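Data first, discussion second: the structure below is written as structure tokens.
We did not get these values from a lab; they are worked out from the coordinates using the rules stated. Bear in mind the structure is a predicted one, so any value in this text is a computation, not a measurement. When we count neighbours, we look across all protein chains shown, and the Cβ atoms used for this are built from the backbone with ideal geometry, even at glycine.
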Amino acid sequence: MKMEKKNIYDAIIIGGGASGLMCAITAKKHDRSKKIAIIEKNDRLGKKLMSTGNGRCNLTNHCISPDKYVGSFKKQSKKIFERFSGDEMTNIFKNFGLLSFYDHEGRYYPISKHAASVLDVLRLQVETLGIDVFTKQNVNSIKKVSNGFKISSDDSEKKYDFICNKLVIANGSKAAPKLGGNASAIDYLKNFGHKVVSFSPALCPVKVKSDVLKILKGLRVTGKAQLYGEHGRLIKEETGEIQFTENSLSGICVFNLSLFAKPNDKIVLDLLPDYSENELIKIIRQHISLFSDLPCEQLLTGIFQKRIGQAILKISRVDLSKICSKLSKDEVSGICKTIKSMSFTVSGKEDFSHAQCALGGVLGKEIDENTMMSKIVKNLFICGEAIDLCGECGGFNLHFAFAGGIIAGENL
């Protein structure tokens, strides 16, 4: 079958998410004569963007640094982040018409506080620049041919064949399968000879073993969370809101620990990080005097929500019905130790349906950070979550997706 001229492109981007959209826009702005297309699995572009930042789209951060990332592309990312700071990224979006602001933790959001504003300005760029968009596409095969790449796809009604000189893989990871997340990006790249790290959930709740989760389920506290590995080595610590579920710990600070957490690691919570253990002992003694004739169930009233207090006493092996005045010195010390170091053993992580992004992707050494082009296959470009680099919560992953998309787009 003869190829239709309209399906021959200078460049095709597989994936219409953050990196793919920015890549296509940049490429077309760089050279208006180029014929550019986006092939997207979902029924519309940028579907995952709408869910980021709790629907507000935390698009970047004031404190972009390689230290906020893990993965084999970390060292190479330094050059990218030296060029694209959070301020620079917001200026790029300002040129698209988007106004933004950042909060006390440096997280940038659209001034409307709605993710739709970010997607709207990107879609408008795609439309006004005349970039072709093919949605509801199932890519069946990608092959290297003499004049570039051949992509075969279908939309359940019709089969499509595309030819392009340059190809961009920007279709994400396995995170958020309901929004189209899958492993196809690394499957394509493995077929081209790339070495990859298999995807695993990241920025997700961490499963733990503990009887007290039945008591704590549904509650939240603000505290410090520390992750310890083998031989008691401190791997990472975070401060913020911690949420308890039926079988896991959640919240932004736990999500950041999930980048490193492995089975049998320990997560230790300090529920009152602003107080030393000695200060707590004095406070508990004051409560003993205040509630001397009451059962220990009331001991932590005014400090913790009732069920959290019950969990602390259970871990400390203190009978809830025991009268406060009967508490021994060792029991008081044990209660304070539990408050300062409530320990949970990691059993795993929640699956991809609970993950904001994924660890894994193409090995960093196989990508040229100056162009985002593959070092294995000429004119094959990779950006976004398909690369082995994952950032913490706070707009770091979207920033890398946008920055990588811009660099790839400049070189198409």
Dipole magnitude of the stretch 205-349, debye to nearest 20 (Cβ charges: Lys/Arg +1, Asp/Glu -1, about Cα centre) = 300
ask   = What nm distance separates the two modelled labels at residue 290 and residue 197, each placed 7 Å from Cα along Cα→Cβ?
value = 4.8
task = Would you give the gap between the C-alpha center of the stretch 14-62 and the C-alpha center of the stretch 211-225, rounded to a whole Å?
result = 37
query = So how do 215, 367, 407 line up by other beta-carbon neighbours within 10 Å, fewest first?
reply = 215, 407, 367
request  = Enter the angle in degrees (range 0 to 90, nearest 10) between the Cα long axis of helix 277-290 and the first principal axis of the Cα atoms of the chain, meaning the one along which they spread out most.
outcome  = 50
key: 0 to 90° range, to nearest 10: angle between helix 115-129 axis and the chain longest Cα axis   = 10
request  = Report the relative contact order of the stretch 132-217, percent, no decimals, based on alpha-carbon pairs under 8 angstrom and at least 6 residues apart.
outcome  = 15
inquiry  = What does the extension gain come out to for residue 298 and residue 235, with contour length at 0.36 nm per residue minus their alpha carbon separation?
reply    = 19.1 nm
remark   = Taking the dipole of the chain about the Cα centre (Lys, Arg +1; Asp, Glu -1; charges at Cβ), the one of 221, 325, 361 that reaches farthest to the positive side is 361
ask   = What shape does the stretch 278-329 take by its C-alpha gyration tensor, where a ≥ b ≥ c are the square roots of the eigenvalues and a/c under 1.5 counts as rounded, a/b above b/c as prolate, and the rest as oblate?
value = rounded
query = How much net charge surrounds residue 151 when only the other residues with a Cβ under 10 Å from the Cβ of residue 151 are counted, with Lys and Arg +1 and Asp and Glu -1?
reply = +1
query = Given 159/195; 150/190; 178/378, which pairs have Cα atoms separated by over 27 Å?
reply = 159/195; 178/378
Crossing angle, helix 18-30 versus the chain [Cα axis fit, 0-90 degrees, rounded to tens] = 40
query = Taking neighbour counts of Cβ atoms within 10 Å as a proxy for exposure, in what order, fewest first, do 345, 60, 245, 338 appear?
reply = 345, 245, 338, 60
Spin-label pair residue 214/residue 104, simplified geometry with 7 Å Cα→Cβ offset, distance in nm = 3.8
ask   = Distance from the Cα centre of the stretch 100-160 to that of the stretch 255-292, in angstrom?
value = 45
remark   = Computed over the chain, the relative contact order (Cα-Cα under 8 Å, seq sep at least six) in percent reads 24
request  = Two decimals is fine: what's Rg over Rh for the chain, C-alpha atoms, Kirkwood radius as Rh?
outcome  = 1.09
ask   = With Cβ to Cβ distances under 15 Å as the rule, what net charge do the other residues near residue 122 carry (K, R +1; D, E -1)?
value = +4
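For residue 278 and residue 63, FRET efficiency with R0 = 41 Å and r from the beta-carbon atoms, rounded to 0.05?
0.75
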query = Taking the Cα-to-Cβ direction at residue 43 and at residue 91 and moving 7 Å from each Cα, how far apart do the two end points lie in nm?
reply = 4.1
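Do the sum for the chain: with -39,500 (n - 2.57) for every DSSP H run of n ≥ 4, divided by all residues, what is the mean residue ellipticity at 222 nm, to the nearest 500 deg cm²/dmol? Please report the intermediate quantities before stating the final value.
On the way: 11 runs with 116 residues, N = 412.
After summing the helix terms and dividing by residue count, I get -8500 deg cm²/dmol.
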